[in-house]
1. Going by the structure shown, is G296 surrounded by fewer than 24 Cβ atoms within 10 Å (Cβ to Cβ) and at pLDDT 95 or above?
2. Determine which single condition V260 fails, assuming it passes every other condition in (1) without any contact (Cβ under 8 Å) to a residue 24 or more places away in the chain; (2) under 16 Å from V324 (Cβ atoms).
3. Across region 15-46, what is the number of residues that are surrounded by fewer than 24 Cβ atoms within 10 Å (Cβ to Cβ), modelled with pLDDT of 60 or more and either assigned to a helix (DSSP H, G or I) or among the aromatic types (F, W, Y) (or both)?
4. (1) within 26 Å of L219 (Cβ to Cβ); (2) under 22 Å from the mean Cα position of the chain (by Cα); (3) buried (at least 18 other Cβ atoms within 10 Å of the Cβ): which one isn't true of G343, the others all being true?
5. Considering only residues of region 104-138 that are buried (at least 17 other Cβ atoms within 10 Å of the Cβ) and of a type in the set (V, I, T), which is nearest to P198 (Cα to Cα)?
6. Select from region 288-333 the residues that are in a strand (DSSP E or B) and out of contact with any Asp or Glu (no Cβ under 9 Å at 6 or more places or on another chain) and list them in ascending order.
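The values are calculated or read from the model by the stated rules, or taken from the named source; none is laboratory data. Because the structure is predicted, anything quoted here is derived from the model rather than measured. Cβ placement follows ideal geometry from the backbone for every residue including glycine, while neighbour counts extend to all protein chains displayed.
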Amino acid sequence: MSRFHLGLIINPLAGLGGPAALKGSDGVAAEALARGSEPRAALRTRIALECLRPLAERIEFLTFPGPMGGDLLREMGFAHRLLGELCEGMTSADDTRQAVEVLQTAGVALILFAGGDGTARDVCAVARQEQPVLGIPAGVKIHSGVYAISPRAAGELTRRLIEGGLIRLASGEVRDLDEAALRDGRVAARWYGELTVPQEGGYMQQVKQAGMESEELVLSELAAWLEDTWQRDVRYIFGPGSTLHGLAHNLGLQTSLLGVDVVENGQIIAHDVTEAQLFELVDGYPAFLLVTAIGGQGHIIGRGNQQISPRVLRAVGLDHLRVVATKRKLETLAGRPLLVDSGDPALDEAFPDAIRVWAGYKEELLYPLGYGA
């Protein structure tokens, strides 16, 4: 039986900026490493490839040396061929673009790439319209519709393709934010193009919807409810996003729009924290975690809030997690579940099948929750 040829490109710098509270990784990988961030793209890719282990004898990967794919495939025992060379030092956007061109020339059936929106832009810059690609989410900000909803979903979708399932191809938008603007608290997104991606059921994430109008009355009511239920000497973690930023504003707190802040006894005690700082603040200390959903997409964990890591979630406790979302934001999901993608499959599976959502003054909704495929 002939082997199914898959291309694999890992951006080893993807996701480094999240735990370091840098809002992204473009151009700041060295700083993120200096702050203690550890590479995570290979770990995310491993989760996807675990789904393909039962089909290992039917697959041959075409990839690139070292952290761009070769190291991981060797460790996992997958048959693979190394193409090209890798220069010493950190990888670059040029490395990704050249890798895509080489894989296209080699005629692979599907190119798997692990990264974030910056990586998707690099792939989009050189990928031909007829070349199917699929993103494994490993970056900090992922607004593009070319990524699976989780690494596991990417693996499951690829498995179905190899097994002969009928997989529809469609165009997925590539979008990216200006990370320099993000670090200044401004959201500036633009469209960069489209890629041909497999589309099947709930495996692919939706393009993030921006510009949802602020529902001041609802946020005011939510603030009143939270103020009524404050517990003394308990730390409240405010995740990123306009919903929680607006909620905090109604409480007289100036939180960071795109960062993570910690409040105790009605006062901000830590502003725009890193993952390490956040863990130190909650480890062994009573705390509640407030997160919101990305409009139109549904992620509550794993998109733009990587400071809220698996160890932070375990330290706080899933029973102390509170999702805050207006009904209008939930309606943008069109019935799709809220999503978690912490990077730890065992932790993702520990989440309940449905989660309570604060949607108004003393108003809780029970909403489905999933972790990908």
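1. Details: surrounded by fewer than 24 Cβ atoms within 10 Å (Cβ to Cβ): yes; at pLDDT 95 or above: no.
No, not satisfied.
2. Status for V260: all satisfied but (1).
3. So the answer is 3.
4. In the conditions (1) within 26 Å of L219 (Cβ to Cβ); (2) under 22 Å from the mean Cα position of the chain (by Cα); (3) buried (at least 18 other Cβ atoms within 10 Å of the Cβ), G343 misses (1) alone.
5. For region 104-138, the residue satisfying everything is V133.
6. In the first step, residues of region 288-333 are kept if they are in a strand (DSSP E or B); the result is 288-291, 299-301, 321-324.
Within region 288-333, F288, L289, L290, V291, I300, L321, R322, V323, V324 meet the criteria.
Let's see how each residue does on (1) farther than 23 Å from L161 by Cα; (2) outside the structural domain of L161 (by TED's automatic domain parsing); (3) touching a helix residue (DSSP H, G or I) at 6+ places or on another chain (Cβ under 8 Å):
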site	(1), (2), (3)
L62	no, no, yes
V108	no, no, no
D122	yes, no, yes
L134	no, no, yes
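This table checks each residue for (1) modelled with pLDDT of 75 or more; (2) within 19 Å of V262 (Cβ to Cβ); (3) polar (S, T, N, Q).
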{"position": "A188", "(1), (2), (3)": "no, no, no"}
{"position": "W191", "(1), (2), (3)": "yes, no, no"}
{"position": "L195", "(1), (2), (3)": "yes, no, no"}
{"position": "L217", "(1), (2), (3)": "yes, no, no"}
{"position": "S220", "(1), (2), (3)": "yes, no, yes"}
{"position": "E227", "(1), (2), (3)": "yes, yes, no"}
{"position": "D233", "(1), (2), (3)": "yes, yes, no"}
{"position": "T243", "(1), (2), (3)": "yes, yes, yes"}
